[in-house]
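Colleague: Take this structure, written in C-alpha cells, and hold onto it; I'll ask about it next.
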Amino acid sequence: MNSISLYTERKSFVHDIDPITKLFYILFSILIPIILPSFTISFICMGISIVLLALAKVFRKSLPIFGFVFLVLVTIVIIQGLFMPGNKTAVFGAGPFTLYREGLLYGFRITLRVIGIVAAFMILVLTTKPSELVESLVRRGMSPRIGYVVISVFQIVPEMMAAMGTITDAQRARGMETEGRLLVRIKAFLPLLGPVILGSLINTKERAMALEVRGFNARTPKTFLYEEKKFRHSKMLQSLLVLLILSAAAWRIFA
C-alpha cells in the first residue's frame, strides 16, 4: 500500500515523529497565523515548515506542489491588488488597471498563510505512511470506515498517476503520438482519461470486495498487526503546540 502513496522513505527525526503530533502541528500552522494575522508570524510559521521539510530531506519532492500553489496564489494577489474593497494607495498602473498597496499586502499575507499550511500538510504526507496515520486515528476511536476513506484519499493521486504512466506506455507502444507540440499532447491526453477513470472505479470496487471478504464490517473488536509508532517526545511537543495556540489566543483577546 505504501508503494502507491506519496510517502518518501528517509532517515530523519521528522520521519520518527508520530502521525498524531504531526496533526497537532498542522492545527498549529493553521490557527496561529489566523489568531495573530501579521506578516512576521505568517512568515515564521511558513519558515518553520519549510525548514522541517528540508531537514526531512523531502523539500525537493514538495516543489511541484508549491509550484502549482504559487501559480494560484499569484492570481489571488493580482485580483486583490486590483479589486479589493478599501484599496486607496496606487502602486502601479497600466492602462485601465491599477494595483493598490492595500490589496497587494492582503494578498501577500494570504500567500504566506497558504504556503505555510501547504508545507505543514506536505510534512505529514511525505514523511508519514498512510497506514500508520490511519492506524493511529483508529486506535483513538475513529471509525475504520472513515479510516478507509482517509487512506484512499492519500493513495488516489499516486495511484492514478501510476495508471496514467502505464496506459501512456501502452498507447505509445501501439503507435500513438504522446510527445511533441501542445496540441499533440492534448489530443493524446484526452483518450487516456477514460481508461484511467474506469480503472480507478474498478480498483475501488475490487478493494471494497476484498475488505468485505476480510471482515471489514464485522462488529467484533479489531486488533492491529503492528505496534503503534511512538516518539518519546510526542507528549511534550503536543503540549507545547497546544500551549502556543492558547497563548496566542490569550494575547489576541487581552492585548
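Colleague: Between V51 and A162, what FRET efficiency follows from the Cβ-Cβ distance if R0 is 22 Å, with the result rounded to 0.05?
Modeller: 0.10
Colleague: Work out the length of the dipole vector of the range 44-166 about its Cα centre, built from +1 on the beta-carbon of each Lys and Arg and -1 on the beta-carbon of each Asp and Glu, and round it to the nearest 20 debye.
Modeller: 220 debye
Colleague: So which DSSP H runs in the chain come out at 27 Å plus along the axis (Cα) with average Kyte-Doolittle of at least -0.5?
Modeller: Span-like helices here: 59-83, 101-127, 144-173, 182-213, 234-254.
Colleague: What distance in nm lies between label points placed 7 Å from Cα along the C-beta direction at V213 and E9?
Modeller: Going by the 7 Å Cα→Cβ label model, 2.7 nm.
Colleague: Excluding same-chain residues fewer than 8 positions from K205, which aspartates and glutamates have a Cα within less than 15 Å of its Cα?
Modeller: E159
Colleague: Additional query: Under a cut-off of 18 Å between alpha-carbon atoms, report the lysines in cross-link reach of K235, not counting same-chain residues fewer than 8 places apart.
Modeller: In chain and number order, the partners are K22.
Colleague: Moving to a separate point now. Considering the dipole of the chain built from charges on the beta carbon (Lys and Arg +1, Asp and Glu -1) around the Cα centre, which of V125, I44, L105 is farthest to its positive end?
Modeller: The residue sitting farthest along the positive end of the dipole is I44.
Colleague: Additional query: Normalised by the number of residues in the range 69-128, what is the relative contact order in percent for Cα pairs under 8 Å and 6+ residues apart?
Modeller: It rounds to 31 percent for the range 69-128.
Colleague: Now a separate question. Where nothing but the Cβ of Lys and Arg (+1) and of Asp and Glu (-1) is charged, how large is the charge dipole of the chain around its Cα centre, in debye to the nearest 20?
Modeller: Charge dipole, the chain, about its Cα centre: 220 debye, nearest 20.
Colleague: I want to verify a result. In a Gaussian network model of the chain, Cα cutoff 10 Å, which of these has the top mean-square fluctuation: P158, P130, P19?
Modeller: The residue that fluctuates most here is P158.
Colleague: Also: Give the aspartates and glutamates reachable from K230 as a straight Cα distance under 19 Å; neighbours fewer than 8 places away on the same chain don't count.
Modeller: E9, D16, D18, E132, E135
Colleague: Measuring from label point to label point, each 7 Å out along Cα→Cβ, what is the V149 to H233 span in nm?
Modeller: Placing both labels 7 Å beyond Cα along the Cβ direction yields 3.5 nm.
Colleague: Assuming R0 = 51 Å, what is the FRET efficiency of L198 and F254, from their Cβ-Cβ distance, to the nearest 0.05?
Modeller: 0.30
Colleague: Can you compute log10 of I(q)/I(0) for the range 1-59 with the Debye formula, treating each Cα as one identical point scatterer, at q = 0.17 Å⁻¹?
Modeller: Treating every Cα as an identical point scatterer, log10 I(q)/I(0) equals -0.67.
Colleague: What percentages make up the Cα-Cα pair-distance distribution of the chain when the bins are 10 Å wide from 0?
Modeller: Once binned at 10 Å, the Cα pair distances of the chain give 6, 21, 26, 24, 17, 5, 1, 0.
Colleague: Taking 41 Å as R0, compute the FRET efficiency from the Cβ-Cβ separation of S247 and T223 and round it to 0.05.
Modeller: In this case the efficiency is close to 0.55.
Colleague: So if I take the centroid of the Cα atoms in the range 50-115 and the same for the range 209-255, what is the distance between those two points in Å?
Modeller: Measuring centre to centre over Cα atoms gives 32 Å.
Colleague: Using a Gaussian network model on the chain with a 10 Å cutoff between Cα atoms, which of A162, A56, A218 fluctuates the most?
Modeller: A218
Colleague: For I44 and R140, calculate 0.36 nm times their separation in residues minus their Cα-Cα distance, and state this gained length in nm to one decimal.
Modeller: Between I44 and R140, full extension yields 31.4 nm more.
Colleague: How large is the translational diffusion coefficient of the range 64-113 in µm² per second when you combine the Kirkwood radius over alpha carbon pairs with Stokes-Einstein at 25 °C and 0.890 mPa s?
Modeller: 222 µm²/s
Colleague: On to the next question. For n ≥ 4 DSSP H runs only, could you compute -39500 (n - 2.57) per run for the chain, divide by its residues and tell me the 222 nm figure to the nearest 500?
Modeller: -25000 deg cm²/dmol
Values quoted throughout were computed directly from the atomic coordinates according to the rules given, and no laboratory measurement underlies them. These figures come from a predicted structure and were not determined experimentally. Every residue, glycine among them, receives a Cβ derived from its backbone with ideal geometry; neighbour counts consider all protein chains shown.
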